[in-house]
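Notes for the one structure printed next.
Just so it is clear, none of the values below were taken in a lab; they were calculated from the coordinates. It should be emphasised that the depicted structure is a prediction, and the values quoted were computed from it without experimental measurement. Reconstructed Cβ throughout: ideal geometry from the backbone, glycine too, with neighbour counts over all protein chains shown.
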Amino acid sequence: MQKGQEHRSGRLLLACCLVGGLGFFSSYLRLPIMPLLAASVGGSPAQVGLINAAFMLSAGLLSIPGGLLSDRFGRKRLIRGGLLLIAGSSLLITVCRNPLQMALVYLLFGTGLASFAPNLMSLVADVAAPRPLSQAYGLYTTAVYAAMATGPAVGGLLGKLLGLRPVFLLSGLLLLGLFGATGYLLPPSPASADPSALGGIRAGCARLAGNRRFVACLTLTLGACFGLGLFLTFLPLHARQQGLDSRQIGLVFGSQALVNTLARIPFGYLGRSLRRPLLWTAGGILLFAVGLAPLGRMNSFAAMLAGGCTLGAGMAIGFTLLGVLIAESVPGALRGLAMGMYNACIFLGMMLSAASMGMIVQRFGYDFGFIFGALVAVASALFFLYWGRAEDGGRS
C-alpha cells in the first residue's frame, strides 16, 4: 500500500513539475523583451515600470481570492483558467502599439498568473505525502527555476534573431498547448470540506493573521520582492544603456535563475533538518541584497552576470525555505489561502517597486535605485528575525 501511494505521489508530483516548468518557461520568454518592446514604442523608464506594475497589481490583488477559490472548487480549474489568460495576454501584446495598451493587456497577464501560480504550488503540497514537503517543494521549484533560467535566455536570443514581437506570439502558442495538456496531466482536486476553508476570505485571513511566523514570512517576502521588482523591470533598461543587446540581457536573467535553480536542490532536501531555519532564510535574503545593491553601477556584461549569480544564490536559500516555513506553519485546509497571500506579497512587492522606482531612477539614476531596493530587503530580513523568533521563544 505504501509503495503504491509513493508511486502515485511521485507521478502526480512529476506532472506538477512538468506543468510548472513549461508554464514558466513559456511566460518567461517575454521577461527581457517587454521593457525593450515598450521602450521601442516610446515608453520611458517610468512607463515601463507602470506596465510591469499593472500585471503585478492584478496578480497581487487576485492571488488571495484565487487561492481561496481553489480551496472551495479545486486546484485544476483555476490552474487551467490561469494558463488560458496568460496565453491570451501574450497574443494580445503582439498587436499593441503604445505603452497604455500594453499596460491594459498586462492586467490580464496578472489575472492569469494569480490563478495559475499559487494554485499549482498548493497542488504540490496536496500530492506530496508521504514525501517530506521540503523535498516536494525542492523538486518543484527546481523545475520552475530551471524554466526561469532558460526562458529569458531563449527569449533574448529569439528577440535578437526574430525581432521582439514574435517572442510574444511563440509564448502564447506554447501556453495554449500546455492548457490542452493539463486536462490530462493534472489530477482532479476536490473542494475542501473543512468549514474553516469555506468561511470566506475575512475569516481565513483573521485566523492566519494570528500566526506570527506566517506574518513574518509575508513581510520578508514583500520586502525581498520589492528588490526583485527592480531587477526584473529596470535591469534591461540599465543594461541596454550600457551597450548590452537582448541576447546578453537574457543571459544575465538566465544566470540569476540558473544559480537559483541549482542551489534550490540541496536546500529543498535540507529544509526540514536545518537547525536554524529562520537565520538561514534571512541570510539568503541578505545575500540577495548584496547582489542587488551594486547592479546600478555595473557597466559590463561580466559584472552583471556575477551580480545575477549572487542574486540567484540568495533567492534559492531564502525563498525555498520561505515556502517550506509557510506550508508547515498553516493548517492544511487554509493552505490555498496562505499560498495565495504569499503570492500576493510576491507580486505586490514587485508592483510597488515597478510603480514607484521608475520616476526615482529617472531623477537619481539606477545606482541609487538598486541600493534603495537592497536596503528595503535588508530591513525586511531584520523584521523577519525579530517577529518570527518571538513565536517560538526566541529560538531561530
Quick check: residue separation of SER44 and ALA129 times 0.36 nm, minus the Cα distance between them. What number comes out in nm? 25.7 nm
What ranking do 99-110, 249-260, 306-317, 206-217 get when scored by the average of other Cβ atoms within 10 Å per residue, highest first? 249-260, 306-317, 99-110, 206-217
Evaluate the distance, in nm, between pseudo-label points positioned 7 Å from the Cα of GLN101 and of HIS7 along their respective Cα→Cβ axes. 5.4
D_trans [Stokes-Einstein, Kirkwood Rh over alpha-carbon pairs] for the chain, 4 °C, 1.567 mPa s, µm² s⁻¹: 63
Cα centroid of the stretch 275-338 to Cα centroid of the stretch 110-175, whole Å: 17
